Amino acid sequence: MTGERDFGGGKGLNYRAETLTAFKGRIDELLGELGKSPAAHKQIGEQAVTPEAYGTGFSAAEDLSAHYDRVHTRLKALSRLFGEQLEALGIATEIVDKGYGNVEADQRQRFQAIQTQVEEHLSASRRGDSESGKDSSSEGDRKALDADTDFD
């Protein structure tokens, strides 16, 4: 089955529904693999090195511990964002296949929440907030994202 839609760009978008379905299946597969892997958001969050592991009583150990904590926080955020982007890609595939108005409202809202979170993360990164472990997202968006994220 081949479909064509005009999305206002002047030319129609040609696609094969089978191709989009296979692509969405692969995205879902990747999300499942990510959720079971050591790179999963929860797995990364559980992997921690205590400050005492670097030694005590000298500033280099404290500095190393502080750097580790910053990198670890950043890695957790990137892992979460990666999974959310994969999920958004899957939703976008459905939108292309069915049309925006024909996708369930909760999927559209989830897509928007992920995109908002990514934009906020990017803005925070540009300001340097993410380097200090700050999260610029609103608590409501964070709860919505966490509640719907099945890969962590």
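The values are calculated or read from the model by the stated rules, or taken from the named source; none is laboratory data. For clarity, every value in this text was computed on a predicted model and none was experimentally measured. Note: ideal-geometry Cβ built from the backbone for every residue, glycine included; neighbour counts use all protein chains shown. We work out accessible area using only protein heavy atoms, side chains counted, and drop any ligands, DNA or RNA first. Shrake-Rupley method; radii C 1.70, N 1.55, O 1.52, S 1.80 Å.
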Item to complete: Evaluate E = 1/(1 + (r/R0)^6) for residue 122 and residue 75, where r is the Cβ-Cβ distance and R0 equals 22 Å; express this FRET efficiency to the nearest 0.05.
Response: 0.80
Worksheet item: Assuming R0 = 25 Å, what is the FRET efficiency of residue 82 and residue 58, from their Cβ-Cβ distance, to the nearest 0.05?
Response: 0.10
Fill in: Simple label model, 7 Å out from Cα along Cβ direction - residue 22 to residue 102, nm
2.1
Worksheet item: What whole-number value in Å² describes the accessible area per residue of the range 49-124 for a 1.4 Å probe?
Response: 55
Worksheet, complete the sentence: Residues whose modelled amide H sits under 5 Å from the amide H of residue 39, counting only those 5 or more places away in sequence or on another chain, are none
Worksheet item: For the range 22-138, what log10 I(q)/I(0) values come out of the Debye formula at q = 0.13, 0.15, 0.16, 0.18 1/Å, with one point per alpha carbon and no solvent?
Response: -0.64, -0.79, -0.86, -1.00
